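One structure is given here, and the rest of the page talks about it.
Please treat every number below as a calculation from the coordinates, not as lab data. Everything numeric in this text was worked out from a predicted model, so none of it was measured. Heads up, the Cβs are rebuilt from the backbone with ideal geometry, glycines too, and the neighbour counts pull from every protein chain shown.
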Amino acid sequence: MPFTKFTSLDFDQIKTTIKDYIRSSSNFTDFDFEGSNFSILIDTLAYNTYITAFNTNMVANESFLDSATIRENVVSLARNIGYVPQSRNSAKALIYFSIPTSSTSTTLTLQEGLVCVGNTNDSSYIFSIPEKITTTIVNGIATFGSISNPIEVYQGTFLKKEFAVNGSLDQRFILDNSFIDSSTILIRVKGISDSGEGIRYTKIDNILNITNLSETYLIQEIRDEKYELLFGDGIFGKKLQNGQIITATYIITDGIDGNGPSIFDYSGTVRGSVGELIIPTGSIIINTVRNAQGGSDIERIDSVKYFAPRLYSSQYRAVTSKDYEAIVSKVYPDAESTSVVGGDELVPPQYGKVLISIKPKNAEFISDFDKEFILNKLSQYSVIGIKPIIVDLKILYVELDINIYYDSSKVTNSDNLRSSVFNVINSYSKSIDINKFGGRFKYSKILQLIDNSDISITSNITKVIMRRNLNAQINKFAHYELCFGNKFYLYKSENNIKSSGFTIFGEPNVCFLSDTSNEDGTGVISIITLVEFTNKYRIVNNKAGAINYTTGEIIISPIKITSTSLPNNIIHVQAYPDSNDVIGLTDLYLTLDVENIKINMIKDTISSGEKISGIGFKVTSSYSNGEIVRK
């Protein structure tokens, strides 16, 4: 008799199916399965079948990149298409210092490894260099770096490992430590009788333009986030010889935890021109050019799943926007999110150009040095005739104005409740929904998170505000354009746009931006100033620019701004979105501005029983309160 087909692999269904099968046999027609020991045997068979089915399903899932969940399997599947996940990145600081010495040597060499110790948040972090640095002695002073040309130190511990090549073995060269910053790996190879440190090998990520004499190596991530070194086979890359010694040096790092230190204490080692240890004759003060930043953790599994097939499909050629996105993440590991827009998509079109916006990790903008570095790397992949251009990041901020209604009978301290709400919002601000190009602020989710943050909260009314920062050109006539990428909400015919204060040429009072709308979805930007000792305002310029409520675009005509109320020449420009779900479209990086969140605590007198009739209950509006200026 054929076995009954399974329609489900739940335990109860498997057990029922086994019973039906046994009952179909004439030998067990009148058998009581529930009241006999035979039930235990059926349970055992069902459990065994269930566990086998579960394991088989897991094995099948782990065999495909899309469904795998174990990091080792995801990395292995990505490796099959030539993708190596980004390692941890060390936080890097730029410093310089001078060492007083009485040495007769003409040069001093700062040894690789420990250089200084940085302190932050009551924690100390080691900073090292991967290679030696040599400088000359001038008037008894050896200077390492300068304010214009500082040295870069990496947060982490410097380690060294040696391998002896034995061709008779199926030998693997594995670095035994986790948390390695792969960019700091340096490989040197020498023969037994060779002097010096050996020949420096170059790390590559593909075999293009590699010959049988190329002194190169590759790396691949293996179990427990460790790395294996791969060398040539005599066809692609130079083959290792018996007896050669491989010396690998690298830095293991704390990743993102190492960000922040700006004050450093010297702890390095220097030697003279003949290798003698140098004892400084005075104190050593380290000058910081840039505090430690750029540290990050190893690439997440979801990121590997996203970028691996895209880098493979690009075949190391930048043609489509997805190709650029994948390659940028490869050549610049510090990129948190990347947006690529073809010149043909712009208005007006800029054919032959590709505009790239990059949000670095733990920072808002990338340096000019990093821009030049990325463009030089991209030139190896770009198609001839297409010019990549890195543009400054455009951040779309989301601010919240929250009214929390709470049952006072269930809470003793409203400040603690406010802190609970803030912590929930702060956690959401770090979620994968936002903090990226194409991110989406989900209004319903934030309402639910707020309501569920404490049992005393009965409801909340939350207003969503969009903001762009205008970087003013002080004492210069300049034209400004701000794109929000989201439709503006028209609460009334005017005062839909608000700004922080600034002063302009010819007007001594602090000014603000406002607007007046038309029926066709367009409007006019005005510059206004408040009349002293009143709640009224005076129009300084009623035709200072234009606004398009449908496209969410503000254009300000040439204006000479002389100062701003906020530091760093910044003007906050706010608008209420037509939809409370805000999206970071095209080249806009979406982020939730936690620092400017307003949380107002309101007693729910109906829920607490203080005023059951509802008389005196404070009702707040879901829309703009009509204030001209919030800051």
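So the values come out like this:
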quantity	calculated
Kirkwood Rh (inverse of mean 1/r, distinct Cα pairs), segment 315-392, angstrom	12.5
Relative contact order (%) - criterion: Cα under 8 Å, at least six apart; region: segment 341-386	29
Coarse-grained scattering of segment 154-214 at q = 0.12, 0.17 Å⁻¹, given as base-10 log I(q)/I(0) from a Debye sum over alpha-carbon atoms	-0.42, -0.86
Karplus 3J(HN,Hα) series, Hz, for segment 565-580 with 6.51 cos²θ - 1.76 cosθ + 1.60 (x for Gly, Pro)	5, 8, x, 6, 6, 9, 10, 7, 10, 10, 8, 8, x, 5, 10, 6
Those residues of segment 552-591 whose amide nitrogen sits under 12 Å from the label point placed on residue 476, 7 Å along Cα→Cβ	561
Helical contribution to [θ] at 222 nm, DSSP H n ≥ 4, -39,500 (n - 2.57), averaged over the chain, rounded to 500	-5500 deg cm²/dmol
Relative frequency of Cα-Cα separations exceeding 16 Å in segment 379-498, percent	73
Alpha-carbon spread of segment 158-252, three principal axes, descending order, Å	32, 31, 25
Value of relative contact order over segment 395-631, rounded to a whole percent, pairs C-alpha under 8 Å and six or more apart	34
Candidate lysines for bridging to residue 203, where Cα separation is under 18 Å - those fewer than 8 sequence places away on the same chain excluded	160, 161, 190, 226, 238, 239, 330, 377
Relative contact order, percent, the chain [alpha-carbon distance under 8 Å, six or more residues apart]	12
Cross-link partners of residue 410 among lysines (Cα-Cα below 20 Å; sequence separation of 8 or more within a chain)	603, 611, 618
Whole-number D in µm² s⁻¹ for segment 124-184, Kirkwood Cα-pair radius fed into Stokes-Einstein, 4 °C, 1.567 mPa s	84
Principal axis dimensions, the chain - Cα atoms, whole angstrom, descending	106, 89, 57
Cα centroid separation - segment 65-142 against segment 171-213, whole Å	17
Average projected area [Cα convex hull, segment 395-631], square nanometres	14.4
Equivalent ellipsoid semi-axes, segment 209-352, via Cα gyration tensor eigenvalues times 5, rooted, Å	37, 28, 17
Rounded FRET efficiency, nearest 0.05, which uses the C-beta distance separating residue 59 from residue 133 and R0 of 35 Å	0.10
Kirkwood-based shape ratio for segment 448-498, expressed as Rg/Rh from alpha carbons	1.18
Kirkwood Rh and Cα Rg combined as Rg over Rh, evaluated for segment 247-292	1.06
Where only alpha carbons of segment 197-287 are counted, the Rg and the Dmax (Å)	19.6, 55
Set of lysines near residue 445 by C-alpha distance (under 16 Å), chain-local residues within fewer than 8 positions excluded	430, 463
The chain - share of DSSP beta bridges that are antiparallel (%, nearest 5)	85
For segment 537-543, Karplus couplings with θ = phi - 60° (6.51, -1.76, 1.60), whole Hz, Gly/Pro x	10, 10, 7, 8, 8, 8, 9
